[in-house]
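Here the structure comes first, spelled out in structure tokens, and everything after it is commentary.
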Amino acid sequence: MAVIEFPQLIARGCGLDVHKDTVVASIKGTGIQEETRTFATFTKDLEALFDWLKSVQITHIAMESTGVYWRPVYYVLENGFEIILVNARHIKNVPGHKTDKKDSEWIAKLLLSGLLRHSFIPEGWVRELRTLLRHRKKLVNERSREKNRLQNILESDRRADANIKLGSVVSDVFSKTGQGIIDLLLDGVTDPIVLSNQAKGSLVNKKQALQQALYGHFTDRHRFMLKLLTETMGALDKLIAQLDQQIELCLTGKQDELALLQTIPGVSRQSAIGIVSEIGIDMSQFTSDKHLASWAGVCPGNNESAGKVRSARTTHGNTYLKTTLIEASWAASHTMNTYLSFKYHKLTQRRGKKKAAMAIAHHILTASYHILRDKLPYKEPAMRAEILIERRKAEIQRLENRVRKLKILASQ
């Protein structure tokens with residue numbers, strides 16, 4: 001069988017097979033001898049790899065995005081070469097007789113033929129912002145877990161139930177009322193009448209129910225655990241505040257883009273920061289809004305064979321960005337007289353709430369792409385919005401007429 005030779009589009013290139021402790025480099029191209037060398041992944045060894053590739057005038061490098069092992073290699077080499085980071089599924093070799101050397105040679109061959117597609121690598125400040133924001137989310141989640149533990153201590157400790165049913169009366173245990181009661185419990189006050197005097201706002205009218213909920217068996221051990229958990233939450237609050245300061249420093253000069261993103265219904269400042277931290281503000285790195293949606297994993301996937309569509313489930317995509325967009329879509333669903341809100345409720349009737357939220361997330365990401373690309377604020381589809389509002393009114397009128405007829409039938 002004849003071997004198919006691909007045309008050479010790049011003069012000199014290098015394929016890297018990256019591992020935790022080693023990186024295998026194979027060079028190919030015009031005017032140089034094919035050679036493969038193995039380097040350790042320590043910084044000095046990577047700098048030696050840099051010098052070797054420079055000495056043979058390599059211009060392009062390709063490597064797999066293997067876990068997190070590619071990052072130190074990429075950061076050392078990025079300032080001297082054009083690096084193509086490739087999804088491992090896109091360059092999978094024929095199975096059998098697999099070695100690190102053959103893998104690196106195969107990557108180099110695909111690189112020279114121009115058959116590799118570059119993965120998205122954000123700018124340096126975006127990478128820093130992404131690291132800070134992702135760690136902030138972890139701390140916020142940990143704080144939420146500590147709050148749940150505190151509520152469990154109050155209500156249903158395994159060894160001795162305090163049976164303080166504060167959450168049954170107060171919607172937010174950590175509101176002003178709840179926090180005031182927790183502070184008194186830490187000071188040793190257990191009298192339900194005294195504790196109920198901390199009621200604020202509408203809870204003033206629920207003092208009797210609050211007293212019943214606060215009557216329990218609160219011991220010194222419960223007080224110790226309560227103090228421990230509140231101190232942990234206080235420490236987490238301080239760490240989150242420090243991260244917020246660093247995040248603001250990273251966003252210096254990017255306030256205009258954040259303000260534009262916040263013109264989208266449902267997108268708060270925190271959501272806007274989350275979007276920017278994952279995709280940056282330079283949309284030229286994505287060929288279109290469809291490419292961005294596919295990369296993020298908020299659009300239907302393709303799985304068709306023999307004319308039959310097997311599945312249209314969304315791909316995994318970027319989990320952090322997807323989470324941020326879903327949160328924004330839930331917020332958009334509660335806005336008044338907006339296209340996104342109407343679209344959400346319309347899709348909910350046919351597809352359910354979760355699929356409707358994913359569709360709105362897709363709309364928000366598409367709008368974000370065009371806003372960041374054109375530097376223009378979000379513009380509600382004027383004519384279409386008016387039509388949708390009229391349809392909404394007609395639907396409400398139809399439902400009211402139906403209720404009226406049912407009342408007439410019930411009275412007969």
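Laboratory data are not the source of any read-out in this text; all were calculated from the coordinates shown. Keep in mind it's a predicted model, so treat the numbers as computed, not measured. All Cβ positions, glycine included, derive from the backbone under ideal geometry; neighbour counts span all protein chains shown.
Numbers below:
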{"item": "Inter-part distance where segment 124-147 and segment 180-196 are each reduced to a Cα centre, Å", "result": "34 Å"}
{"item": "Protection proxy ranking of 245-251, 269-275 - average other beta-carbon atoms within 10 Å, highest first", "result": "269-275, 245-251"}
{"item": "Helix-derived mean residue ellipticity, 222 nm - over the chain, DSSP H n ≥ 4, -39500 (n - 2.57), to 500", "result": "-18000 deg cm²/dmol"}
{"item": "Peptides ranked, highest mean first, by Cβ atoms within 10 Å: ranges 9-15, 289-295", "result": "9-15, 289-295"}
{"item": "Antiparallel content of DSSP bridges confined to the chain, in %, to 5", "result": "65 percent"}
{"item": "Projected label distance in nm at Lys407 and Thr348, using a 7 Å step from Cα toward the beta-carbon", "result": "2.4 nm"}
{"item": "About the Cα centre, charge dipole magnitude for the chain (Lys/Arg +1, Asp/Glu -1 at Cβ), debye", "result": "2300 debye"}
{"item": "Karplus-derived 3J(HN,Hα), 6.51/-1.76/1.60, for each residue of segment 23-36, Hz, glycine and proline x", "result": "9, 9, 10, 10, 10, 9, x, 7, x, 10, 8, 4, 8, 10"}
{"item": "Options (i) 194; (ii) 269; (iii) 127 - which one matches volume of the Cα convex hull per residue in Å³ as calculated here", "result": "(ii)"}
{"item": "Calculated FRET value between Leu376 and Glu231, using beta carbons and R₀ = 41 Å, to 0.05", "result": "0.30"}
{"item": "Packing rank of 256-266, 49-59, where each peptide gets the mean count of other beta carbons within 10 Å, highest leading", "result": "256-266, 49-59"}
{"item": "Rough spin-label spacing in nm, given labels placed 7 Å along Cα→Cβ, for Ala306 and Val204", "result": "7.4 nm"}
{"item": "Counting DSSP beta bridges with both ends in segment 12-112, the antiparallel % (nearest 5)", "result": "60 percent"}
{"item": "Between segment 216-262 and segment 12-72, the Cα center-to-center distance that results, in Å", "result": "42 Å"}
